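Everything below concerns the one structure shown next.
The values are calculated or read from the model by the stated rules, or taken from the named source; none is laboratory data. Since we're looking at a predicted model, the values are computed, not measured. Here the Cβ positions follow ideal geometry from the backbone for every residue, glycine too, while neighbour counts run over all protein chains shown. Calculation scope for accessible area: heavy atoms of the full protein, side chains included, ligands and nucleic acids excluded. Shrake-Rupley method; radii C 1.70, N 1.55, O 1.52, S 1.80 Å.
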Amino acid sequence: MNSSEGAAQSVPMPVDVIKIQSLLPHRYPFLLVDRVIELEPNKRIRAIKNVSINEPFFQGHFPGHPVMPGVLVLEALAQVGGLLTQLSITRSADDTDQLFYLVKIDNARFSRMVVPGDQLDMEVVLKRTIRNMAQYDCVARVDGKEAASAMILCAESRS
């Protein structure tokens, strides 16, 4: 993963969903990040997801007792990790086909349920990069209390 500390210093905050869509391939109903609110290039990022009853997964998880599936909380954290990488790299012509795939999740822990009306506050810290892979330490919070955490590994692949 090519990175340049200076390239991302000028990223204005917050990063809105239009910019996020230019950096991630995910679209409805699988784009799980609404806004980036803090960025330290090549180090850490904070982003939010506003959880609404209109999310399609609430129809079946669970009728009458809506809970955001934990695996989607982890997917949201992985997407935030991808945004950290994408916002930190210097763009070149051959970066346009660059995609990052979730490869591994370690130490996943769910501390509380995420329900409609919650705002998921996600913090991702880059722990290390090895060749074309990045390892992230991730925490999702609601109202300042941890909802989920995990160590996530993503790998770069060119399509």
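Listing for the model above:
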item	result
Complete set of residues in region 101-115 that are in a loop (DSSP other than H, G, I, E, B), surrounded by 14 or more Cβ atoms within 10 Å (Cβ to Cβ) and in contact with a strand residue (DSSP E or B) (Cβ under 7 Å, 6 or more places away or on another chain)	ARG112, VAL114
Sole exception among (1) more than 16 Å from ILE152 (Cβ to Cβ); (2) touching a residue at least 40 places away in the same chain (Cβ under 8 Å); (3) of a type in the set (A, V, I, L, M, F, W, C) for PHE62, by number	(2)
Extreme residue, surrounded by the fewest Cβ atoms within 10 Å (Cβ to Cβ), among residues of region 19-69 that are among the small types (Gly, Ala, Ser) and out of contact with any strand residue (DSSP E or B) (no Cβ under 9 Å at 6 or more places or on another chain)	GLY64
Residue that is in contact with a Gly (Cβ under 8 Å, 6 or more places away or on another chain) and among the aliphatic types (A, V, I, L, M), where the choices are VAL51, VAL67	VAL51
Any chance ALA8 is more than 17 Å from PRO116 (Cα to Cα) and modelled with pLDDT under 95	yes
Residues (closer than 20 Å to GLU40 by Cα and open to solvent by 10 Å² or more (accessible area, probe 1.4 Å)) located in region 116-131	ASP121, GLU123, VAL125, LEU126, LYS127, ARG128, THR129, ILE130
